[in-house]
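Have a look at the structure below before the remarks.
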C-alpha cells in the first residue's frame, strides 16, 4: 500500500503544484479548464504508477474534479479552504492506495525514495509558498513593500529549501542558525515599524514551521520505503 500511496502522492503534487499553471488555477470555475486539470491528474498518476488502463485512476481523476468543483463553488480562497482541499485529496489517495495496493509494480522500487524526496521538496518550497502566502494575505496590504518584485517569494523558497535539506541531512540545529541569520538581516527594517516586525515574525515562523513539518513527514515516509539505491536505478 505504501508504495502505491507514495507514487499517487507524487503524481498529485505534480498535478496540483507543478503542472497547474496560474491560468488553470484562475480559470477552474470554467468547466473545460476543470476537466483539463482532471486530465492532468489522470496523466500524472498513470506515469507515476507506470500503468495506463487501470479504471481506479479514472475514479481518482473524477474524485479530484469533484473536490475542486466543490472548492470553486464554495469560494474557498483562504488558507483554511486550501488546507481542507488538500486534506480531501489526501484522503482520496489513501483510500485508493488501500483499495488497490497492487497498482504499483511497473517501475523499480528504487524509484520510490526519489519520488518521496522530490515530492517532499516541492511541498516544502513551492506548496509552502502558497500556504504562507494565503496566511499572510490579510496583512500584506498593511505593509509597505519597497523590496524587489518577487523577492519575498524567492527568499521564502530558498529558506524552506535549506530547512528541508538540513532536516533530511540530520542537522536540525542548523535551522536555528538560519532563523538567527534572517533575524539579523531583517532587524534594521523590522525595528522601525511594529507592523513590519510582526509581519516578518509571523511569516518567518510559518515558513520555517512548514518546512520543518515537511522535512519530518518526508523522513517518516522514507523510513517506510526501500532504501535509496542509485545503482538499482541505473541497472
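Taken together, the values in this text are just the output of simple stated rules run on the coordinates, not laboratory data. Treat the numbers as computed from the prediction; the structure is a model and nothing was measured. Methodologically, a virtual Cβ is constructed for each residue, glycine included, from the backbone with ideal geometry; neighbour enumeration extends over all protein chains shown.
Annotations for the structure displayed:
- Pairwise FRET efficiency - residue 69 versus residue 205, Cβ, R0 = 30 Å, nearest 0.05: 0.30
- Percentage relative contact order, the chain, counting C-alpha pairs under 8 Å, at least six apart: 26 percent
- Axis of helix 128-140 versus longest Cα principal axis of the chain: the two differ by about 40°, to the nearest ten degrees.
- Residue-span extension gain [residue 25 to residue 139] - 0.36 nm each, minus C-alpha spacing: 38.8 nm
- Cβ-Cβ FRET estimate between residue 197 and residue 78, R0 fixed at 22 Å, reported to 0.05: 0.35
- Over all projection directions, the Cα-based convex hull of the chain averages an area of 14.0 nm².
- Extending 7 Å from the Cα toward the beta-carbon at both residue 18 and residue 171 defines two label points whose distance is 2.6 nm.
- Gyration tensor verdict on the range 2-106 (Cα atoms; rounded if a/c is under 1.5, prolate if a/b is larger than b/c, oblate otherwise): prolate
- Relative contact order for the range 1-106, counting Cα pairs under 8 Å that sit 6 or more residues apart, in percent: 42 percent
- The calculated FRET efficiency for the pair residue 36 and residue 1, based on their C-beta separation and a Förster distance of 30 Å, comes to about 0.50.
- Extension gain, residue 149-residue 109: 0.36 nm per intervening residue step, less the Cα-Cα distance, totals 10.2 nm.
- For the chain, adding -39500 (n - 2.57) for each run of n ≥ 4 DSSP H residues and dividing by the number of residues yields -25000 deg cm²/dmol at 222 nm.
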